[in-house]
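Presented below is the structure to which this report refers.
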Amino acid sequence: MQTTLFKVALSLLLIASTNVKATDLSDATNKSEQKPNLIIILTDDQGYKDVGFNGSTDIKTPNIDLIAKEGTRFTNGYVTFSVCGPSRAGLLTGRYQDRFGFNFNPTMDPSVPQNGIPTSEKNIAEVLKPAGYTSAIIGKWHMGTHPDLHPNKRGFDFFYGFLTGGHRYFPEELTLNDLSDVKYKFDWYKTRLLKNDKRVDTDEYLTDELSNEAVDFIKREKDNPFFLYLAYNAPHAPVQATQEYLDRNKHIKNTKRRTYAAMVTAVDDGVGRVLATLKEQGIDENTLVVFLSDNGGAKSNGSDNGELRGHKNLLFEGGIRVPFAARWPNSIPAGVDYDKPVSSLDIMATIVGQADVDISKNKPLDGVDLIPFITHQDQGSPHDVLFWRHVKSNSYAMRRGKDKIVKTANETYLFDIEKDHVEASNLLPRAQTSYNNLDESYQLWQQDLKAAAFPGLNDWLQSKPNDKKKKRKNKAKNK
Ligand code: CA
(Lines give C-alpha, C1' and ligand atoms only; values in the text may rest on other atoms or scores of the structure.)
Protein backbone atom coordinates (compact mmCIF):
# COMPACT_ATOMS: atom_id res chain seq x y z
CA MET A 1 0.00 0.00 0.00
CA GLN A 2 2.75 2.32 1.06
CA THR A 3 4.63 1.43 -2.11
CA THR A 4 1.59 2.25 -4.28
CA LEU A 5 1.02 5.55 -2.46
CA PHE A 6 4.71 6.35 -2.86
CA LYS A 7 4.51 5.60 -6.59
CA VAL A 8 1.43 7.80 -7.03
CA ALA A 9 3.07 10.62 -5.09
CA LEU A 10 6.26 10.22 -7.09
CA SER A 11 4.43 10.32 -10.44
CA LEU A 12 2.42 13.40 -9.35
CA LEU A 13 5.68 15.05 -8.37
CA LEU A 14 7.23 14.11 -11.69
CA ILE A 15 4.24 15.42 -13.67
CA ALA A 16 4.30 18.66 -11.68
CA SER A 17 8.03 19.08 -12.11
CA THR A 18 7.84 18.17 -15.80
CA ASN A 19 5.10 20.76 -16.26
CA VAL A 20 7.10 23.39 -14.46
CA LYS A 21 10.10 22.56 -16.57
CA ALA A 22 8.04 22.67 -19.77
CA THR A 23 6.66 26.09 -18.86
CA ASP A 24 10.11 27.38 -17.94
CA LEU A 25 11.52 26.05 -21.15
CA SER A 26 8.77 27.58 -23.24
CA ASP A 27 9.33 30.96 -21.53
CA ALA A 28 13.03 30.72 -22.12
CA THR A 29 12.48 29.69 -25.73
CA ASN A 30 10.11 32.59 -26.29
CA LYS A 31 12.59 34.97 -24.75
CA SER A 32 15.51 33.73 -26.78
CA GLU A 33 13.37 33.71 -29.90
CA GLN A 34 12.21 37.28 -29.34
CA LYS A 35 14.34 39.18 -31.79
CA PRO A 36 16.17 42.20 -30.38
CA ASN A 37 14.70 45.65 -30.90
CA LEU A 38 16.86 48.31 -32.51
CA ILE A 39 16.73 52.02 -31.69
CA ILE A 40 18.99 54.39 -33.59
CA ILE A 41 19.09 57.85 -32.04
CA LEU A 42 20.65 60.11 -34.62
CA THR A 43 21.43 63.74 -33.95
CA ASP A 44 22.21 66.28 -36.63
CA ASP A 45 25.44 68.30 -36.91
CA GLN A 46 26.37 67.59 -33.29
CA GLY A 47 30.07 68.10 -32.60
CA TYR A 48 32.38 65.28 -31.48
CA LYS A 49 32.91 66.93 -28.10
CA ASP A 50 29.30 67.95 -27.54
CA VAL A 51 28.42 65.01 -25.31
CA GLY A 52 29.56 64.40 -21.76
CA PHE A 53 31.04 61.05 -22.75
CA ASN A 54 33.50 62.79 -25.08
CA GLY A 55 34.47 65.39 -22.54
CA SER A 56 32.00 68.23 -22.91
CA THR A 57 32.19 70.44 -19.86
CA ASP A 58 29.66 73.17 -20.66
CA ILE A 59 26.88 71.01 -22.12
CA LYS A 60 25.50 68.38 -19.74
CA THR A 61 24.20 65.20 -21.36
CA PRO A 62 23.60 62.78 -18.46
CA ASN A 63 21.10 60.65 -20.37
CA ILE A 64 23.08 60.32 -23.60
CA ASP A 65 26.08 59.51 -21.38
CA LEU A 66 24.13 56.57 -19.90
CA ILE A 67 24.30 54.85 -23.30
CA ALA A 68 28.11 54.97 -23.11
CA LYS A 69 28.23 54.25 -19.36
CA GLU A 70 25.95 51.23 -19.60
CA GLY A 71 27.32 50.30 -23.01
CA THR A 72 30.38 50.86 -25.17
CA ARG A 73 31.80 54.18 -26.36
CA PHE A 74 33.35 54.19 -29.82
CA THR A 75 36.29 56.57 -29.79
CA ASN A 76 36.87 56.08 -33.54
CA GLY A 77 33.25 56.02 -34.70
CA TYR A 78 32.76 57.27 -38.24
CA VAL A 79 29.92 58.17 -40.55
CA THR A 80 30.20 57.69 -44.30
CA PHE A 81 30.00 61.35 -45.27
CA SER A 82 30.40 64.80 -43.80
CA VAL A 83 26.92 66.16 -44.55
CA CYS A 84 23.44 64.91 -43.73
CA GLY A 85 21.94 63.27 -46.81
CA PRO A 86 24.72 60.94 -48.03
CA SER A 87 25.64 60.04 -44.43
CA ARG A 88 22.06 58.96 -43.70
CA ALA A 89 21.85 57.00 -46.96
CA GLY A 90 24.96 55.03 -45.89
CA LEU A 91 23.63 54.44 -42.38
CA LEU A 92 20.18 53.31 -43.55
CA THR A 93 21.39 50.92 -46.27
CA GLY A 94 24.58 49.63 -44.63
CA ARG A 95 26.28 50.28 -47.97
CA TYR A 96 28.49 53.11 -49.13
CA GLN A 97 26.04 55.59 -50.63
CA ASP A 98 28.53 56.14 -53.48
CA ARG A 99 27.56 52.69 -54.75
CA PHE A 100 24.16 54.08 -55.75
CA GLY A 101 25.05 57.65 -56.67
CA PHE A 102 23.83 59.34 -53.47
CA ASN A 103 26.58 61.96 -53.49
CA PHE A 104 24.76 65.10 -52.42
CA ASN A 105 21.97 66.30 -50.21
CA PRO A 106 18.84 65.66 -52.26
CA THR A 107 16.75 68.57 -53.41
CA MET A 108 13.28 69.24 -52.00
CA ASP A 109 11.69 68.80 -55.42
CA PRO A 110 8.90 66.22 -55.01
CA SER A 111 8.61 65.70 -58.77
CA VAL A 112 11.94 63.87 -59.23
CA PRO A 113 11.90 60.19 -58.23
CA GLN A 114 15.73 59.92 -58.46
CA ASN A 115 16.23 62.34 -55.53
CA GLY A 116 16.75 59.80 -52.76
CA ILE A 117 17.65 56.17 -52.05
CA PRO A 118 16.83 54.23 -55.23
CA THR A 119 14.30 51.45 -54.83
CA SER A 120 17.00 49.00 -55.96
CA GLU A 121 18.62 49.48 -52.51
CA LYS A 122 17.10 48.15 -49.29
CA ASN A 123 17.15 50.13 -46.06
CA ILE A 124 17.11 48.71 -42.52
CA ALA A 125 13.30 48.86 -42.25
CA GLU A 126 12.87 47.04 -45.58
CA VAL A 127 15.33 44.35 -44.55
CA LEU A 128 13.79 43.81 -41.10
CA LYS A 129 10.16 43.75 -42.27
CA PRO A 130 10.17 40.12 -43.55
CA ALA A 131 11.69 39.12 -40.19
CA GLY A 132 8.57 40.41 -38.42
CA TYR A 133 9.76 43.85 -37.36
CA THR A 134 7.60 46.97 -37.13
CA SER A 135 9.57 50.11 -38.02
CA ALA A 136 9.16 53.80 -37.38
CA ILE A 137 11.03 56.87 -38.43
CA ILE A 138 10.40 59.79 -36.13
CA GLY A 139 11.99 63.07 -37.20
CA LYS A 140 14.02 63.94 -40.27
CA TRP A 141 13.72 61.75 -43.35
CA HIS A 142 15.77 63.61 -46.01
CA MET A 143 15.84 60.51 -48.23
CA GLY A 144 13.61 61.95 -50.93
CA THR A 145 10.40 63.92 -51.20
CA HIS A 146 8.91 62.13 -54.22
CA PRO A 147 5.81 60.08 -53.23
CA ASP A 148 7.58 56.82 -54.19
CA LEU A 149 10.37 57.64 -51.72
CA HIS A 150 8.06 58.43 -48.78
CA PRO A 151 9.02 56.49 -45.60
CA ASN A 152 5.74 54.53 -45.70
CA LYS A 153 6.73 53.30 -49.16
CA ARG A 154 10.22 52.45 -47.95
CA GLY A 155 9.49 49.89 -45.27
CA PHE A 156 8.53 52.17 -42.39
CA ASP A 157 5.14 51.34 -40.88
CA PHE A 158 5.02 54.63 -39.01
CA PHE A 159 6.34 58.06 -39.91
CA TYR A 160 6.11 61.17 -37.80
CA GLY A 161 8.16 64.16 -38.82
CA PHE A 162 9.20 65.89 -42.00
CA LEU A 163 10.65 64.91 -45.37
CA THR A 164 13.14 67.75 -45.65
CA GLY A 165 16.74 68.22 -44.50
CA GLY A 166 15.92 70.51 -41.60
CA HIS A 167 13.00 72.11 -39.82
CA ARG A 168 12.02 75.03 -37.67
CA TYR A 169 11.50 74.16 -34.02
CA PHE A 170 8.70 76.41 -32.80
CA PRO A 171 5.25 75.04 -33.63
CA GLU A 172 3.80 78.43 -34.54
CA GLU A 173 6.30 78.65 -37.42
CA LEU A 174 5.08 75.43 -39.05
CA THR A 175 2.45 76.99 -41.25
CA LEU A 176 2.87 75.70 -44.81
CA ASN A 177 0.59 72.89 -45.80
CA ASP A 178 2.86 71.25 -48.30
CA LEU A 179 6.12 71.53 -50.22
CA SER A 180 4.08 72.82 -53.16
CA ASP A 181 3.44 75.97 -51.06
CA VAL A 182 7.16 76.71 -50.80
CA LYS A 183 8.24 79.75 -52.80
CA TYR A 184 11.46 80.78 -51.11
CA LYS A 185 14.69 79.15 -50.05
CA PHE A 186 14.45 77.21 -46.78
CA ASP A 187 10.71 77.79 -46.46
CA TRP A 188 10.50 73.98 -46.63
CA TYR A 189 11.61 74.20 -42.98
CA LYS A 190 8.15 75.60 -42.26
CA THR A 191 5.89 72.80 -43.45
CA ARG A 192 3.39 71.30 -41.01
CA LEU A 193 4.48 67.93 -39.65
CA LEU A 194 3.51 64.67 -41.28
CA LYS A 195 1.97 61.70 -39.48
CA ASN A 196 2.32 59.11 -42.22
CA ASP A 197 0.76 60.98 -45.16
CA LYS A 198 -1.45 63.37 -43.13
CA ARG A 199 -0.46 66.88 -42.12
CA VAL A 200 -0.78 67.44 -38.37
CA ASP A 201 -0.23 70.28 -35.92
CA THR A 202 1.47 70.37 -32.57
CA ASP A 203 1.88 72.93 -29.83
CA GLU A 204 5.15 71.44 -28.61
CA TYR A 205 8.75 72.46 -29.27
CA LEU A 206 9.75 70.12 -32.12
CA THR A 207 12.41 68.09 -30.27
CA ASP A 208 9.98 67.41 -27.39
CA GLU A 209 7.28 66.42 -29.86
CA LEU A 210 9.59 63.89 -31.53
CA SER A 211 10.48 62.46 -28.10
CA ASN A 212 6.75 62.16 -27.24
CA GLU A 213 6.13 60.20 -30.41
CA ALA A 214 9.14 57.94 -29.78
CA VAL A 215 7.89 57.08 -26.28
CA ASP A 216 4.39 56.36 -27.62
CA PHE A 217 5.77 54.13 -30.38
CA ILE A 218 7.84 52.06 -27.93
CA LYS A 219 4.79 51.59 -25.68
CA ARG A 220 2.63 50.54 -28.64
CA GLU A 221 5.19 48.07 -30.02
CA LYS A 222 6.67 46.68 -26.80
CA ASP A 223 5.42 43.15 -27.50
CA ASN A 224 6.80 42.90 -31.05
CA PRO A 225 10.30 43.29 -32.41
CA PHE A 226 10.67 46.87 -33.59
CA PHE A 227 13.11 49.24 -35.22
CA LEU A 228 12.85 52.87 -34.16
CA TYR A 229 14.86 55.40 -36.14
CA LEU A 230 14.67 58.49 -33.97
CA ALA A 231 16.23 61.06 -36.25
CA TYR A 232 16.26 64.34 -34.33
CA ASN A 233 17.07 67.34 -36.52
CA ALA A 234 18.55 69.04 -33.43
CA PRO A 235 21.02 70.64 -33.09
CA HIS A 236 21.01 71.44 -36.85
CA ALA A 237 20.27 75.08 -37.74
CA PRO A 238 18.12 77.11 -37.29
CA VAL A 239 19.44 77.51 -33.77
CA GLN A 240 16.21 77.79 -31.77
CA ALA A 241 15.39 76.76 -28.21
CA THR A 242 12.70 77.38 -25.61
CA GLN A 243 13.30 79.51 -22.53
CA GLU A 244 13.22 76.44 -20.29
CA TYR A 245 16.14 74.84 -22.11
CA LEU A 246 17.97 78.18 -22.39
CA ASP A 247 17.63 78.68 -18.62
CA ARG A 248 19.28 75.32 -18.01
CA ASN A 249 22.29 76.57 -19.98
CA LYS A 250 22.55 80.11 -18.65
CA HIS A 251 26.12 79.40 -17.50
CA ILE A 252 27.13 79.63 -21.18
CA LYS A 253 27.81 83.25 -22.08
CA ASN A 254 27.99 83.02 -25.88
CA THR A 255 24.40 83.33 -27.12
CA LYS A 256 24.72 80.97 -30.07
CA ARG A 257 26.55 78.34 -28.03
CA ARG A 258 23.94 78.68 -25.27
CA THR A 259 21.08 78.14 -27.71
CA TYR A 260 22.88 75.21 -29.35
CA ALA A 261 23.48 73.72 -25.88
CA ALA A 262 19.79 74.19 -25.05
CA MET A 263 18.89 72.21 -28.19
CA VAL A 264 21.20 69.40 -27.07
CA THR A 265 19.60 69.50 -23.60
CA ALA A 266 16.20 68.92 -25.22
CA VAL A 267 17.60 65.90 -27.08
CA ASP A 268 19.19 64.63 -23.88
CA ASP A 269 15.86 64.85 -22.04
CA GLY A 270 14.27 62.89 -24.89
CA VAL A 271 16.96 60.21 -24.74
CA GLY A 272 16.33 59.94 -20.99
CA ARG A 273 12.62 59.39 -21.61
CA VAL A 274 13.30 56.77 -24.28
CA LEU A 275 15.66 54.82 -21.99
CA ALA A 276 13.22 55.09 -19.06
CA THR A 277 10.38 53.82 -21.25
CA LEU A 278 12.41 50.77 -22.28
CA LYS A 279 13.01 49.97 -18.60
CA GLU A 280 9.37 50.61 -17.61
CA GLN A 281 8.18 48.29 -20.35
CA GLY A 282 10.70 45.62 -19.34
CA ILE A 283 12.35 45.53 -22.76
CA ASP A 284 15.61 47.39 -22.22
CA GLU A 285 17.65 44.17 -22.00
CA ASN A 286 16.44 43.09 -25.43
CA THR A 287 16.95 46.46 -27.11
CA LEU A 288 20.08 47.63 -28.87
CA VAL A 289 20.29 51.42 -28.60
CA VAL A 290 22.82 53.19 -30.81
CA PHE A 291 23.53 56.90 -30.46
CA LEU A 292 25.46 58.93 -33.03
CA SER A 293 25.52 62.18 -34.97
CA ASP A 294 25.10 62.20 -38.76
CA ASN A 295 28.26 64.26 -39.30
CA GLY A 296 30.62 66.47 -37.35
CA GLY A 297 29.66 69.81 -35.87
CA ALA A 298 28.93 72.55 -38.41
CA LYS A 299 31.01 75.68 -38.61
CA SER A 300 28.08 77.95 -37.90
CA ASN A 301 25.74 76.26 -35.40
CA GLY A 302 27.79 76.77 -32.22
CA SER A 303 29.08 73.18 -32.07
CA ASP A 304 32.46 71.95 -30.80
CA ASN A 305 34.48 69.16 -32.39
CA GLY A 306 37.10 69.39 -29.65
CA GLU A 307 40.63 68.76 -30.87
CA LEU A 308 39.53 67.30 -34.18
CA ARG A 309 40.50 69.18 -37.32
CA GLY A 310 37.79 70.65 -39.49
CA HIS A 311 34.02 70.47 -39.34
CA LYS A 312 30.90 69.43 -41.27
CA ASN A 313 31.46 69.09 -45.02
CA LEU A 314 35.19 68.27 -44.73
CA LEU A 315 36.84 64.85 -44.72
CA PHE A 316 39.16 65.70 -41.85
CA GLU A 317 38.16 64.00 -38.60
CA GLY A 318 35.96 66.92 -37.49
CA GLY A 319 33.63 66.20 -40.40
CA ILE A 320 33.32 62.42 -40.14
CA ARG A 321 34.30 61.22 -36.65
CA VAL A 322 31.23 61.58 -34.46
CA PRO A 323 29.96 60.96 -30.94
CA PHE A 324 29.05 57.27 -31.12
CA ALA A 325 27.97 54.79 -28.42
CA ALA A 326 25.83 51.65 -28.14
CA ARG A 327 24.01 50.03 -25.23
CA TRP A 328 22.60 46.51 -25.08
CA PRO A 329 22.79 44.93 -21.62
CA ASN A 330 24.26 41.39 -21.55
CA SER A 331 25.40 41.64 -25.18
CA ILE A 332 27.59 44.74 -25.22
CA PRO A 333 30.26 45.38 -22.55
CA ALA A 334 29.38 48.24 -20.20
CA GLY A 335 31.44 51.30 -19.43
CA VAL A 336 34.31 50.53 -21.78
CA ASP A 337 35.83 52.09 -24.89
CA TYR A 338 36.27 50.41 -28.22
CA ASP A 339 39.08 52.14 -30.09
CA LYS A 340 39.27 50.43 -33.46
CA PRO A 341 37.50 52.21 -36.32
CA VAL A 342 33.79 51.43 -36.64
CA SER A 343 31.25 52.90 -39.04
CA SER A 344 27.59 53.86 -39.19
CA LEU A 345 27.54 51.19 -41.94
CA ASP A 346 27.87 48.59 -39.18
CA ILE A 347 24.50 49.25 -37.56
CA MET A 348 22.54 47.43 -40.27
CA ALA A 349 24.98 44.50 -40.29
CA THR A 350 24.85 44.25 -36.49
CA ILE A 351 21.06 43.98 -36.22
CA VAL A 352 20.92 41.63 -39.21
CA GLY A 353 23.57 39.41 -37.58
CA GLN A 354 22.06 39.49 -34.10
CA ALA A 355 18.46 38.98 -35.27
CA ASP A 356 19.59 36.26 -37.68
CA VAL A 357 17.93 37.87 -40.69
CA ASP A 358 18.58 36.25 -44.05
CA ILE A 359 20.08 38.79 -46.45
CA SER A 360 21.71 36.31 -48.79
CA LYS A 361 19.61 37.57 -51.72
CA ASN A 362 20.41 41.23 -51.04
CA LYS A 363 23.31 43.30 -52.27
CA PRO A 364 26.38 42.78 -50.06
CA LEU A 365 26.70 45.06 -47.06
CA ASP A 366 29.78 47.18 -46.44
CA GLY A 367 29.24 47.09 -42.68
CA VAL A 368 29.97 44.24 -40.28
CA ASP A 369 28.29 42.83 -37.17
CA LEU A 370 30.14 44.63 -34.38
CA ILE A 371 29.13 42.36 -31.50
CA PRO A 372 31.93 39.76 -31.94
CA PHE A 373 34.47 42.59 -32.07
CA ILE A 374 33.31 44.64 -29.10
CA THR A 375 32.94 41.53 -26.96
CA HIS A 376 36.52 40.62 -28.04
CA GLN A 377 35.51 37.20 -29.36
CA ASP A 378 37.14 38.49 -32.51
CA GLN A 379 40.42 40.26 -31.79
CA GLY A 380 40.73 41.54 -35.36
CA SER A 381 39.51 44.85 -36.75
CA PRO A 382 35.95 45.29 -38.00
CA HIS A 383 37.34 47.08 -41.08
CA ASP A 384 40.54 46.68 -42.98
CA VAL A 385 39.83 50.03 -44.60
CA LEU A 386 37.22 52.79 -44.69
CA PHE A 387 36.63 55.19 -47.59
CA TRP A 388 35.02 58.59 -48.08
CA ARG A 389 34.38 60.30 -51.40
CA HIS A 390 33.32 63.95 -51.72
CA VAL A 391 32.39 64.45 -55.35
CA LYS A 392 31.47 68.11 -55.18
CA SER A 393 34.82 69.25 -53.76
CA ASN A 394 36.79 66.65 -55.71
CA SER A 395 38.11 65.21 -52.44
CA TYR A 396 38.46 61.80 -50.91
CA ALA A 397 39.80 60.14 -47.81
CA MET A 398 40.58 56.66 -46.58
CA ARG A 399 41.76 55.07 -43.37
CA ARG A 400 43.63 51.79 -43.03
CA GLY A 401 44.75 51.06 -39.49
CA LYS A 402 46.85 53.99 -38.33
CA ASP A 403 47.16 55.55 -41.80
CA LYS A 404 44.76 58.11 -43.16
CA ILE A 405 44.83 59.88 -46.50
CA VAL A 406 42.98 63.10 -47.13
CA LYS A 407 43.11 64.33 -50.70
CA THR A 408 41.46 67.65 -51.49
CA ALA A 409 41.45 69.51 -54.79
CA ASN A 410 44.57 71.40 -53.70
CA GLU A 411 46.37 69.35 -51.05
CA THR A 412 47.36 65.77 -50.33
CA TYR A 413 47.89 64.53 -46.78
CA LEU A 414 48.99 61.34 -45.08
CA PHE A 415 48.48 61.19 -41.32
CA ASP A 416 49.31 58.67 -38.61
CA ILE A 417 45.84 59.03 -37.19
CA GLU A 418 46.55 56.96 -34.07
CA LYS A 419 49.41 59.22 -32.96
CA ASP A 420 48.06 62.34 -34.61
CA HIS A 421 44.26 62.36 -34.33
CA VAL A 422 44.33 66.14 -34.72
CA GLU A 423 45.79 65.75 -38.23
CA ALA A 424 48.52 68.30 -37.65
CA SER A 425 51.50 66.52 -39.15
CA ASN A 426 51.50 65.68 -42.85
CA LEU A 427 53.88 62.74 -43.40
CA LEU A 428 54.20 63.55 -47.10
CA PRO A 429 56.39 63.68 -49.08
CA ARG A 430 58.63 61.52 -46.79
CA ALA A 431 56.22 58.57 -46.83
CA GLN A 432 55.38 58.68 -50.52
CA THR A 433 55.54 54.88 -50.98
CA SER A 434 53.06 54.24 -48.15
CA TYR A 435 50.81 56.87 -49.63
CA ASN A 436 50.96 55.30 -53.09
CA ASN A 437 50.00 51.88 -51.71
CA LEU A 438 47.00 53.30 -49.91
CA ASP A 439 45.94 55.39 -52.84
CA GLU A 440 46.01 52.35 -55.07
CA SER A 441 43.31 50.71 -52.90
CA TYR A 442 41.19 53.82 -53.13
CA GLN A 443 41.49 53.88 -56.91
CA LEU A 444 40.41 50.23 -57.03
CA TRP A 445 37.46 50.87 -54.70
CA GLN A 446 36.14 53.83 -56.61
CA GLN A 447 36.06 51.97 -59.93
CA ASP A 448 32.80 50.28 -58.93
CA LEU A 449 31.00 53.43 -57.84
CA LYS A 450 28.08 55.03 -59.65
CA ALA A 451 28.03 58.57 -60.95
CA ALA A 452 25.77 61.04 -59.13
CA ALA A 453 22.15 59.93 -59.50
CA PHE A 454 20.72 63.42 -58.96
CA PRO A 455 21.88 67.04 -58.81
CA GLY A 456 22.75 68.39 -55.39
CA LEU A 457 20.65 70.68 -53.24
CA ASN A 458 23.11 73.54 -53.61
CA ASP A 459 22.87 73.61 -57.41
CA TRP A 460 19.10 73.41 -57.20
CA LEU A 461 19.05 76.24 -54.62
CA GLN A 462 20.63 78.63 -57.11
CA SER A 463 17.35 78.65 -58.99
CA LYS A 464 15.22 79.49 -55.93
CA PRO A 465 14.49 83.04 -54.83
CA ASN A 466 15.92 83.97 -51.46
CA ASP A 467 13.36 85.05 -48.90
CA LYS A 468 15.73 87.56 -47.27
CA LYS A 469 16.52 89.19 -50.61
CA LYS A 470 12.79 89.42 -51.30
CA LYS A 471 12.20 91.14 -47.96
CA ARG A 472 15.00 93.63 -48.60
CA LYS A 473 13.61 94.32 -52.07
CA ASN A 474 10.09 94.91 -50.72
CA LYS A 475 11.47 97.14 -47.97
CA ALA A 476 13.32 99.24 -50.54
CA LYS A 477 10.21 99.42 -52.70
CA ASN A 478 8.03 100.58 -49.78
CA LYS A 479 10.42 103.34 -48.77
CA1 CA B 1 23.85 66.77 -40.52
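Has segment 299-310 got at least one residue that is small (Gly, Ala, Ser), away from the ligand (no atom under 15 Å from the Cβ) and over 26 Å from residue 240 (Cβ atoms)?
First, the residues of segment 299-310 that are small (Gly, Ala, Ser): 300, 302-303, 306, 310.
Still in the running and away from the ligand (no atom under 15 Å from the Cβ): 306.
Within this subset, residues satisfying the condition of being over 26 Å from residue 240 (Cβ atoms) are none.
No, that holds for no residue.
Residue 111 versus (1) open to solvent by less than 30 Å² (accessible area, probe 1.4 Å); (2) closer than 17 Å to residue 165 by Cα: which is the lone unmet condition?
Answer for residue 111: the failing condition is (1).
List the number of the failed condition for residue 260; all other conditions in (1) under 25 Å from residue 83 (Cβ atoms); (2) away from the ligand (no atom under 14 Å from the Cβ); (3) out of contact with any His (no Cβ under 6 Å at 6 or more places or on another chain) hold.
So the condition that residue 260 fails would be (2).
Looking only at segment 97-106, filter to residues that are at negative phi and more than 16 Å from the ligand (Cβ to nearest atom); which one of those is most open to solvent (accessible area, probe 1.4 Å)?
Keep residues of segment 97-106 that are at negative phi, which gives 97-100, 102-106.
Retained after the next criterion (residues that are more than 16 Å from the ligand (Cβ to nearest atom)): 98-100.
Details: 98: 2, 99: 54, 100: 9 Å².
Taking the candidates together, the pick is 99.
Would you say residue 397 is small (Gly, Ala, Ser), in a strand (DSSP E or B), under 17 Å from residue 73 (Cα atoms) and open to solvent by less than 20 Å² (accessible area, probe 1.4 Å)?
no
Only one of these is among the aliphatic types (A, V, I, L, M), in contact (Cβ under 8 Å) with a residue 12 or more places away in the chain and under 21 Å from residue 105 (Cβ atoms): 424, 409. Name it. Before you say what the answer is, go through the steps one by one.
Working: 424 fails: under 21 Å from residue 105 (Cβ atoms).
Result: 409 is the single residue among 424, 409 that is among the aliphatic types (A, V, I, L, M), in contact (Cβ under 8 Å) with a residue 12 or more places away in the chain and under 21 Å from residue 105 (Cβ atoms).
Just to be sure, is residue 292 in a loop (DSSP other than H, G, I, E, B), hydrophobic (A, V, I, L, M, F, W, C) and not assigned by TED's automatic domain parsing to the domain that holds residue 425? Quick ask: steps written out before the conclusion?
On the way: in a loop (DSSP other than H, G, I, E, B): no; hydrophobic (A, V, I, L, M, F, W, C): yes; not assigned by TED's automatic domain parsing to the domain that holds residue 425: yes.
For residue 292, the condition - in a loop (DSSP other than H, G, I, E, B), hydrophobic (A, V, I, L, M, F, W, C) and not assigned by TED's automatic domain parsing to the domain that holds residue 425 - is not met.
Among (1) under 29 Å from residue 35 (Cβ atoms); (2) open to solvent by 30 Å² or more (accessible area, probe 1.4 Å), there is one condition residue 218 misses while meeting the rest; what is its number?
With (1) under 29 Å from residue 35 (Cβ atoms); (2) open to solvent by 30 Å² or more (accessible area, probe 1.4 Å) applied to residue 218, the lone miss is (2).
Would a scan of segment 51-64 turn up a residue that is of a type in the set (Asp, Glu), part of a loop (DSSP other than H, G, I, E, B), within 16 Å of the ligand (Cβ to nearest atom) and at pLDDT 95 or above?
So in segment 51-64, the residues of a type in the set (Asp, Glu) come out as 58.
Filter once more, keeping what is part of a loop (DSSP other than H, G, I, E, B): 58.
Restricting the remaining residues to those that are within 16 Å of the ligand (Cβ to nearest atom) gives none.
Within segment 51-64, not a single residue is of a type in the set (Asp, Glu), part of a loop (DSSP other than H, G, I, E, B), within 16 Å of the ligand (Cβ to nearest atom) and at pLDDT 95 or above.
Which ones in segment 318-337 are outside any loop (DSSP other than H, G, I, E, B) and more than 16 Å from the ligand (Cβ to nearest atom)?
Residues of segment 318-337 outside any loop (DSSP other than H, G, I, E, B): 318-321, 324-327, 336-337.
Listed by number, the residues that qualify are 325, 326, 327, 336, 337.
Pick from 184, 160, 189: which is in a strand (DSSP E or B) and in contact (Cβ under 8 Å) with a residue 12 or more places away in the chain?
Exactly one of 184, 160, 189 is in a strand (DSSP E or B) and in contact (Cβ under 8 Å) with a residue 12 or more places away in the chain, namely 160.
Please go through segment 273-298 and give me each residue that is within 16 Å of the ligand (Cβ to nearest atom) and either open to solvent by 10 Å² or more (accessible area, probe 1.4 Å) or more than 13 Å from residue 235 (Cβ to Cβ) (or both), ordered by number.
Taking segment 273-298 first, the residues within 16 Å of the ligand (Cβ to nearest atom) are 291-298.
Within segment 273-298, 291, 292, 298 qualify.
Go through (1) under 15 Å from residue 234 (Cβ atoms); (2) buried (at least 17 other Cβ atoms within 10 Å of the Cβ) for residue 212 and report which single condition fails.
Here residue 212 meets the rest and fails (2).
What are the residues in segment 219-262 that are within 14 Å of residue 168 (Cα to Cα) and touching a strand residue (DSSP E or B) at 6+ places or on another chain (Cβ under 9 Å), if any?
232, 233, 234, 235, 236
For segment 237-272, how many residues meet the condition of being in a helix (DSSP H, G or I) and buried (at least 16 other Cβ atoms within 10 Å of the Cβ)?
Let us first name the residues in segment 237-272 that are in a helix (DSSP H, G or I), namely 243-247, 255-272.
From the residues that got through so far, the ones that are buried (at least 16 other Cβ atoms within 10 Å of the Cβ) too are 245-246, 257-272.
Matching residues across segment 237-272 total 18.
Go through segment 71-96 and count every residue that is within 16 Å of the ligand (Cβ to nearest atom) and either within 16 Å of residue 231 (Cβ to Cβ) or open to solvent by 10 Å² or more (accessible area, probe 1.4 Å) (or both). Lay out the reasoning, then the answer.
Residues of segment 71-96 that are within 16 Å of the ligand (Cβ to nearest atom), as a first pass: 77-92.
Retained after the next criterion (residues that are either within 16 Å of residue 231 (Cβ to Cβ) or open to solvent by 10 Å² or more (accessible area, probe 1.4 Å) (or both)): 79-81, 83-92.
Final tally of qualifying residues: 13.
So which residues in segment 172-212 are modelled with pLDDT of 95 or more, more than 21 Å from residue 136 (Cβ to Cβ) and touching a helix residue (DSSP H, G or I) at 6+ places or on another chain (Cβ under 9 Å), if there are any at all?
Passing the criteria: 173, 175, 176, 189, 190, 203.
Tally up the residues in segment 221-235 that are open to solvent by 20 Å² or more (accessible area, probe 1.4 Å) and either within 15 Å of the ligand (Cβ to nearest atom) or basic (Lys, Arg) (or both), please.
Total meeting the criteria: 1.
Of everything in segment 440-461 that's surrounded by 15 or more Cβ atoms within 10 Å (Cβ to Cβ) and in contact with a Ser or Thr (Cβ under 9 Å, 6 or more places away or on another chain), which residue is farthest from residue 396 (Cα to Cα)?
If we take residues in segment 440-461 being surrounded by 15 or more Cβ atoms within 10 Å (Cβ to Cβ) and in contact with a Ser or Thr (Cβ under 9 Å, 6 or more places away or on another chain), then 460 is farthest from residue 396 (Cα to Cα).
The values are calculated or read from the model by the stated rules, or taken from the named source; none is laboratory data. Note that the structure is predicted; figures quoted are calculated from it, not measured. When we count neighbours, we look across all protein chains shown, and the Cβ atoms used for this are built from the backbone with ideal geometry, even at glycine. Protein only, heavy atoms only, side chains kept; ligands, DNA and RNA dropped before computing areas. Shrake-Rupley method; radii C 1.70, N 1.55, O 1.52, S 1.80 Å.
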